[in-house]
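One structure below.
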Amino acid sequence: MIVRTLLLLLLLPLIALAQDQLDTSYKEQLEQDIQGYQNLYGARDEQLAEIDATLGRTASSLKKRIEERDRTSQDLANLRNERTTLLNELATLQEEQQATEARIIHLDANLETLELRIQSLLINLHRQRNSRFARILGQAETFHELNVKNYYLGLLALQDAALVNEINQTVRQLSEAQNTLIAQLESLRQKRAALDENEQALTGKQQDLLNIITELESSREGQLAQQRALLEEQRDLEAELADLGKKLTAEVERLKREEERLRREAAQTFVSELERSLLLREADQTRTRIDNLTRPPSPLATGFVPPLSELTVVSAYGQGNAPFMALRAQGPNAPVLSMQEGVVIEISVVSANDGYLVAIQHSRELITVYTNLRPPQVAIGDRVERGQVIGHLGGGTLVPSDVLKLWVQVVDQSGRSAFVDPAKRLGL
């Protein structure tokens, strides 16, 4: 007990000193990152002001055209969702139809067997019943023998009645199955008609969106208006994500209050592990073997993994004053990986243009954000591992289905946040 206490007293200052040194270095880097982001934010405001000055009086009409583009984009996204729902419903109905047809075939076979039985047993028996039964009963020499023979003849009649009931029941079941099949075929016809209408509407809406974009791209003013809309969307998204940093501030304060207790617990755990050194070595060997089996693909020097299994850089951080990197996968709808273990703290739809957003908190100061996703495969509060698939690309209507927008957000202890260069911070 005395040895443990002495070890605790020696370890606590060392742990605190190492933590303070790490915090100081990280704070300095964080300040530099925040300042860099503020410079980028200011440059983007200047860019927006220049675009407004260039557009002049045409800004209002172009803004309405951009709003029409976004409404069309949202309608297109809704039609795609409707198409997915219809396809799922059609698949379910087809499975039900096949099951009903199989049941009808089974009932038909049963009915044929029952008809053969009734022909060979029931019909012949009823034709001969009067003379046959009379002869049997007339041969009884005593009252007791008469009762016995009458009892067994009654059982034979019950058997005949049961066979008739079984036939009637099978006929009813067959009729119900045939009616069910008729209703299912009608539902299939209606769903296919709805799917055809959806396909036509989808094609038309895609053409409408293409026409609007082509019109906007045909003039310098239209190009600037689209660029302005993109910058505004980025600014709104950054404001939304900045709220995550404020939410984390309260959690940081709570962690500060518990910091001393956590350090003591860590020291106690360390001492306990020293006392179980043999078991610890065996556990480490087992853990190493497991890690070798489950290690994420292609880890970077920083300990993170790329968000796509194979990628190329479309645009770097800061290019066009954008606070994110755009990365291209080898094909459309590629899986997106969590770059490090963490907790999912936000899932939302950015817009029909940019699809779903997933934000993962890796530490108190670091968050990675992934956009242009389809409906994700994780939920808020999920613990994810490094290299785990969190979703697939292709959620946006304007962003190509093979492009990922990757954002990296840092938050200091006062709650200030900034979006920094993923290549510099994560080693991409």
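Do the conditions hold for Ser73, that is, is it surrounded by fewer than 16 Cβ atoms within 10 Å (Cβ to Cβ), out of contact with any Phe, Trp or Tyr (no Cβ under 7 Å at 6 or more places or on another chain) and assigned to a helix (DSSP H, G or I)? Here the answer is no, as Ser73 does not meet what is asked.
Scanning the stretch 390-406 for residues that are crowded, with 20+ Cβ neighbours inside 10 Å and within 22 Å of Ile34 (Cα to Cα) turns up at least one hit.
Taking the stretch 303-363 and the strands (runs of 3 or more DSSP E) fully enclosed by it, no element has 2 or more residues that are aliphatic (A, V, I, L, M) and modelled with pLDDT under 90. If you check Leu230, Leu210, Leu237, Leu216 for being crowded, with 16+ Cβ neighbours inside 10 Å, without any contact (Cβ under 8 Å) to a residue 60 or more places away in the chain and closer than 30 Å to Asp52 by Cα, only one passes: Leu230. When each of Ile390, Ile380 is tested for being of a type outside the set (Asp, Glu), assigned to a strand (DSSP E or B) and farther than 23 Å from Gln226 by Cα, the lone residue that passes is Ile390.
The values are calculated or read from the model by the stated rules, or taken from the named source; none is laboratory data. Because the structure is predicted, anything quoted here is derived from the model rather than measured. So basically every Cβ, Gly included, is an ideal-geometry build from the backbone, and we count neighbours across all protein chains shown.
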